[in-house]
Amino acid sequence: MLPPRESSRARYREYLAKRRKDRTYAARGTDERATRPDKYKRSRSFAELLGELWRASGRHQRAILFALGTLTLVTCMGLALPASTKFAIDYILTDNPGPSGIPDALAARLPVENREALLWMLGGVLVAIALVAVSIGTVGRWQMTRVTKRVQTELRRAAFERAVALPLHRIQHYKSGGMASLLREDASQTGDLLFSLFYNPWRAVVQFVGTLSVLAWVDWRMLAGALLLLPAVWITHKTWISRIRPVHRDAKYVRQGIDATTTEAFGGMRVVRGFSRERTESTRFTTSQQYLARLEILVWWWSRAVDIAWSVLIPAASALVLAYGGTQVLRGNLTIGDVMMFSTYLLMLLGPLETLTSTAANVQGNLAAFDRVLDLLGEAREFEGERDGRVVQRGQVRGEIEVRDVWFTYPRVTRKGTPGDQPPPEPVIRGISFAARAGTTTALVGVSGSGKTTLCNLIARFYDPQQGSVLLDGLDLREIDVHSYRSLLGIVEQDVFLFDGTIAENIAYARRDAGNEAIRDAARAANADAFIDALDHGYDTLIGERGVRLSGGQKQRIAIARALLADPRILILDEATSNLDSESEAMIQRSLATLMRGRTCFVIAHRLSTIRHADQILVLDQGRVIESGTHEALMHAGGRYADLLRLQLLGEPSPVSR
C-alpha cells in the first residue's frame, strides 16, 4: 500500500526541522552527483557568481561600462540638488550670511541685490540640471535594458543548447516541465541581475561616496557619526541575507517539480481521466503550491526583517542629526542651511545603504536562479571529449553494422541521502556480438525487458557501451562524429512523438529543405496520403501537442513518412506497425519491403509474423542473444523463437520447448 501523501504543513515542518539540524540540507531531488553544498547551501559564493555574470555578458561589456558611465554623471549631478538648499537658505532667504556671503567670483555674475531673481535663477539651474540628467540617464538606461534582454536571450540559448546536448539519463532526470521552468524562468531572472548587481548598486556606490565627500566638507564629526551605520549594514547582511538565498534555491526546486508534474499530468490526461484521478492530481498540485507558498512566506519574513531594521535606523539617524545640528546652530558653529543640507545628504547617504542592503536581500532569488543555470551549463555534454571524430558522408557509407562483445549498464540515478554502498545495477546487455551486412534486415525479438530497445539505442549511439564496441563499416562509433553518424539514421519508435504543428512540418522534420512533392511522396509511401487529403486543411492541418488530434495509427504513419523522407542508410523500426489495423499494416509492410531495400534495417517486433522475411533474427533473453538465424532455420530448430511464434498463433507452447 502506498504511503499517504504528506500535507504542505507537514512537509514545511519537516523542512524547517532539517534546516535547524543540518545547514547543509538541500531539497535537490534526485542527483547522482555527490557534491556537498557549502555551509549555507549556496553552491557558489557571491564573488564567483558576480565574476560568472560579468563573463556571461561577454561582448556587451562595453555597453555596460557606457551605461555605468552615464549613471555616474547623472548621480553626481543629482548631488548638486541638496546643496541648493543651503544656498537658498543661507544666501537668499536669510541674512546668515545673506547675499554678501556669495563668493566674489560668482557674485559678479549674479543680481545679488534682487533676491527674487536669485531664487528664479536657482530654480532654472536646478531644472536645467534635471533635464540634462534625465536625457543622459535615459540613454544609459536604454543601453542597459537592451543589454539585459540580449544577455537573457543568450543565456536561454546557451542553456537550451547545453540541455539538448546532455546525456539522455540527465535529461530524464530534469524532466520536461522542470527543464522548461529552468530555461524560461531561471534564465530570465539571471538577465535581471545586470540591473540588480551592476546598475542599481553602482548608482548607490557613487551616491554614497559623493555624499560622504560632501559630509566630510561640512562637518567631519557628523560624518563620523554617519559612518557608525556601516556596521549595521554588515550585521544585517550576515545575519539575514546569507540565509535567504538557500531558501530561494529550495523554492525554485519545488517550483521546478510542480512544473514537471503539471506537464506530466496534462500529457497523460487520458490516463488521469481513465482512472478518475482528476481530484488526486488537483490535490497534489494544490499541496505542492501551498508548500511553495510557505517557503516564499519564509523568504518574505527574512526580507522584511532587513526592511524593519532600516525603518528604525533611518528615523533614529535623522533624529540624531537634528539634535546635534540644532545644538551647533544654537552655538553658532553651523548655519541653518548647513543643518538642512546635512540632513538631506544624510538621507541620501542612508538611501544607498538601504538600497545595497535591500538589493542584497531581494537579489538572492535571482542569484539562486543564476546558480542553477550555471549548474546546467557546467554539466558534461553527451560523450564529452568524444564528440569530434571522423565525419562520415552518406554517399561513402555502406551501412554495415557490427556489434562486438557489447556489455551495457544504464547509469544509476540515486537520491540524495541514499547510502553509497548500493550494489551496482545489473547489466542490460550482456556480451552480445553479431554483424548486420549492408542493406540487410535484422529483427530483434524477445519478451519485454530482454534488451531489444537498449540494443537499438546503442546502435543509434544514444549511449556508449561500457565494454565492447559498435562499428560502422569497421569503424568504431566512438571514432565517428556523432552528428554526422546520426544523420544517417531514421527511427520510428513504438511511442510516436509528434510536434505541435502541421502535418507537413512533422513529416519534414527530418529534412527541413524538403519540398511539397517530396513530403507527399513520403506520405504516399507510408500509406498516409489518403487520410491526410481527407482532412479539412490537408497537409496544413494542425495536429496539436504530441499529435492529439490524430489516431494512433495515423500518428504511426506520419512517423514512418518522417523516417522515409530522411532517406536513411540505417533504419530502426521499434514496433513501427504496432498501432495499425490489419489492412493498413499489410499495405505498410509492402511499402516497407520496397523502401527498406538497400538500407541496413533493425526491426523490433512482438508480432513475429511481421519479420519472417528478415535476413537474420536475433532472439534476446535477459540481455543475451540466445538464438539467431532466419525464420525458417529458427522454426526448424524448434527453440525459443518457435515457442514464441506458436504462443502467438495457437496460444500454446511448442512440444520442443516443453
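The values are calculated or read from the model by the stated rules, or taken from the named source; none is laboratory data. Worth saying up front: this structure is predicted, and the values here are computed from it rather than measured. Cβ coordinates were reconstructed from backbone atoms using ideal geometry, including for glycine residues, and neighbour counts include every protein chain displayed. Keep in mind that these areas ignore ligands, DNA and RNA; they rest on the heavy atoms of the full protein, side chains included. Shrake-Rupley method; radii C 1.70, N 1.55, O 1.52, S 1.80 Å.
Between ARG437 and ALA518, the FRET efficiency from the beta-carbon distance, with R0 = 25 Å, is close to 0.30.
Here the label points at TRP142 and GLU479, each 7 Å from Cα along the C-beta direction, are separated by 5.9 nm in the simple model.
Legend: residue pairs LYS18/LYS149; LYS149/LYS252; LYS149/LYS555, Cα-Cα distance threshold 28 Å; pairs beyond threshold, LYS18/LYS149; LYS149/LYS555. For region 494-551, trypsin sites (Lys or Arg not before Pro) are listed when DSSP marks them as loop and at most 10 other Cβ atoms sit within 10 Å of their Cβ; the list is ARG512. Stretching ARG9 away from GLN467 to a fully extended chain increases their span by 160.0 nm, per 0.36 nm per residue minus the current alpha-carbon distance. Normalised per residue, the accessible area of region 400-559 is 47 Å², obtained with a 1.4 Å probe and no contribution from ligands, DNA or RNA. A crude spin-label estimate for the pair CYS76 and LEU347, with each label 7 Å from Cα along the Cβ direction, gives 2.5 nm.
Our estimate of slack between GLU278 and ARG221, defined as 0.36 nm per intervening residue step minus the Cα-Cα distance, is 13.6 nm.
Calculate, for LEU377 and ALA117, the FRET efficiency according to 1/(1 + (r/R0)^6) with r their C-beta to C-beta distance and R0 60 Å; round to the nearest 0.05.
Values: r = 63 Å, r/R0 = 1.05.
Efficiency, from the Cβ-Cβ distance: 0.45.
Computed from backbone phi, the HN-Hα couplings of region 333-339 come to 7, 10, 9, 4, x, 4, 5 Hz, rounded to whole numbers (Karplus: 6.51 cos²θ - 1.76 cosθ + 1.60, θ = phi - 60°; Gly and Pro given as x). A Förster radius of 25 Å combined with the Cβ-Cβ distance from PHE46 to VAL205 puts the calculated FRET efficiency at roughly 0.95.
Residues whose amide H lies under 5 Å from that of ILE617, counting only those 5 or more places away or on a different chain, are ALA443, GLY629, THR630; hydrogens are built 1.01 Å from N in the peptide plane. Summary of the geometry: region 125-173 and region 505-578, compared by the centres of their Cα atoms, lie 40 Å apart. Stretched out straight at 0.36 nm per residue, the stretch from ARG304 to ARG612 would grow longer than its current Cα-Cα span by 103.6 nm.
Taking 7 Å steps out from each Cα toward its Cβ at ALA17 and VAL164 produces label points 4.6 nm apart.
Rounded to whole numbers, the Karplus 3J(HN,Hα) couplings from phi for region 437-454 are 5, 4, x, 9, 10, 10, 9, 10, 10, x, 5, 4, x, 7, x, 5, 5, 4 Hz, using 6.51 cos²θ - 1.76 cosθ + 1.60 with θ = phi - 60°, and x at Gly and Pro.
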